[in-house]
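The values are calculated or read from the model by the stated rules, or taken from the named source; none is laboratory data. Here the structure is a predicted model, which means the values were calculated and not measured. All Cβ positions, glycine included, derive from the backbone under ideal geometry; neighbour counts span all protein chains shown.
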């Protein structure tokens, strides 16, 4: 995270991410207006606090924070009591000039007006374009914390090497990681908060609901442009604001109508459906994803690869896609996180890289053949016999202590010029002989290798 713009420090308040700081500041900017609603003269206390926080917001140089500020202000002004006294109008003008002055002094306007030439914006667009496809490819979700790994391996352009911590958006990251029903519940949750915080029509005593509404709107907008909601601290003020609304509605016995709830549920389903259809219709490589399994191709898998990032690298999927550009696969390939994820009735070639968990060693007694890539366990530990093995591949400079034991089993081949890390693992596993394999039945061809 770049914490400077020109010679100015991007304020982060210890979050190590100015976008999270901006999300917190914007929430407080709208929260201070609660004073104006509970105290008749509170406007003149809320206004200077609002101005000061606005100037701090500019110091974060967060474009998402400024966008959230703009959307939240529109909601605040829409529900503000009218008519507006001349003094308050003048106070509002002073606020605008103060925040604009801070923007010009810090030269933040140069950052806020940057377009697609800015890498930060361009990279976000590249990621977000793939979100519908990632949602469609994983009906059960990619699993919490797996969104960025899935993107970098299976959706990022092969020639790009940018690394990310997430999909640079809370909403997109969680929609990709969640399952079908979780996605719909997530969308419904945001609609539900909006319904509850929306000031009831004709109920002046509940006009203050606009403060929680603005807080939640700003939180929603900041979460579009960065993964800010991963910080539990940023949830404190929005949750407190929502609780105040719930208490007020419970005491006043004033709840949204059933039609409103059913409409929110329907729209939530439609949102997920539209995103999914969009993803299905997106051209490009489609995979079948889940938290611990990725399946490429249609039909019964013929190759099961137990991945190991220490052997295959963090971008094992990108290496496979690069290989597939010149050698299209004529049979399905499945990558699993562990031998324990292999189905009991699997058939085909099983490729095992590196070490195995203790329980997994008992599962290698499969009907299919085994190809071992730099195994760090011993044959006797897994009870593997020569008849089960297709090949045992060791890098020329591998430090595995089990090399000599595998020499006695046989089928050992040396990979010249590499060690334990095999960045070109697809070429080594498929042996660049896909043309001959494609001309025969995949399973029979693999058995004869």
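Worth a mention:
Residue-wise test of (1) closer than 20 Å to residue 284 by Cβ; (2) out of contact with any strand residue (DSSP E or B) (no Cβ under 7 Å at 6 or more places or on another chain).
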position	(1), (2)
154	yes, no
161	yes, yes
180	no, yes
229	no, yes
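- Filtering the range 163-179 to residues that are in a loop (DSSP other than H, G, I, E, B) and crowded, with 19+ Cβ neighbours inside 10 Å leaves 166, 167, 168, 169, 178.
- Among the residues listed as 112, 61, the single one being in contact with a helix residue (DSSP H, G or I) (Cβ under 8 Å, 6 or more places away or on another chain), surrounded by fewer than 17 Cβ atoms within 10 Å (Cβ to Cβ) and touching a residue at least 40 places away in the same chain (Cβ under 8 Å): 112
- Picking from residues in the range 180-207 that are without any contact (Cβ under 8 Å) to a residue 60 or more places away in the chain and not in a helix (DSSP H, G or I), the one that is nearest to the chain's Cα centre (by Cα) is 198.
- Taken as a whole, the range 3-19 holds no residue that is more than 31 Å from the chain's Cα centre (by Cα), buried (at least 16 other Cβ atoms within 10 Å of the Cβ) and part of a loop (DSSP other than H, G, I, E, B).
- The condition (being over 30 Å from residue 151 (Cα atoms), touching a residue at least 60 places away in the same chain (Cβ under 8 Å) and in a helix (DSSP H, G or I)) is satisfied by just one residue among 76, 100, 49: 76.
- Yes/no for residue 77 being in contact with a helix residue (DSSP H, G or I) (Cβ under 8 Å, 6 or more places away or on another chain) and at pLDDT below 95: no
- The one condition in (1) closer than 20 Å to residue 309 by Cα; (2) buried (at least 19 other Cβ atoms within 10 Å of the Cβ); (3) at pLDDT below 85 that residue 360 fails to fulfil: (2)
- Screening the range 252-334 for helices (runs of 4 or more DSSP H) wholly inside it with 1 or more residues that are surrounded by fewer than 13 Cβ atoms within 10 Å (Cβ to Cβ) and either modelled with pLDDT under 95 or out of contact with any helix residue (DSSP H, G or I) (no Cβ under 7 Å at 6 or more places or on another chain) (or both) returns the ranges 258-280, 316-326.
- Residue match in the range 340-351 (condition: under 30 Å from residue 161 (Cβ atoms), under 28 Å from the mean Cα position of the chain (by Cα) and either at pLDDT 90 or above or part of a helix (DSSP H, G or I) (or both)): yes
- Candidates 247, 236, 210, filtered to the one that is under 22 Å from residue 23 (Cα atoms), assigned to a helix (DSSP H, G or I) and out of contact with any helix residue (DSSP H, G or I) (no Cβ under 7 Å at 6 or more places or on another chain): 236
- For residue 96, the conditions (1) surrounded by fewer than 18 Cβ atoms within 10 Å (Cβ to Cβ); (2) under 30 Å from residue 165 (Cα atoms) are fulfilled apart from (2).
- Residue within the range 2-21 that is in contact with a strand residue (DSSP E or B) (Cβ under 8 Å, 6 or more places away or on another chain) and closer than 25 Å to residue 169 by Cα present: yes
- Qualifying residue in the range 233-242 (condition: modelled with pLDDT of 95 or more, within 22 Å of residue 132 (Cα to Cα) and surrounded by fewer than 21 Cβ atoms within 10 Å (Cβ to Cβ)): no
- From 98, 67, 108, 80, residue being more than 30 Å from residue 314 (Cα to Cα) and in contact with a strand residue (DSSP E or B) (Cβ under 8 Å, 6 or more places away or on another chain): 108
- Of the residues 64, 91, the single one that is part of a helix (DSSP H, G or I) and closer than 18 Å to residue 25 by Cβ is 64.
- For the range 386-403, a residue qualifies if it is surrounded by fewer than 14 Cβ atoms within 10 Å (Cβ to Cβ) and either farther than 14 Å from residue 372 by Cα or touching a residue at least 12 places away in the same chain (Cβ under 8 Å) (or both), and the qualifying residues are 386, 396, 397, 399, 401.
- Tallying residues that are surrounded by fewer than 21 Cβ atoms within 10 Å (Cβ to Cβ) and part of a helix (DSSP H, G or I) within the range 125-136 yields 4.
- Residue pairs whose Cβ atoms lie under 7 Å apart, separated by 6 or more positions or on different chains, with the first residue in the range 137-162 and surrounded by fewer than 19 Cβ atoms within 10 Å (Cβ to Cβ) and the second part of a loop (DSSP other than H, G, I, E, B) and modelled with pLDDT of 95 or more, are 140/179.
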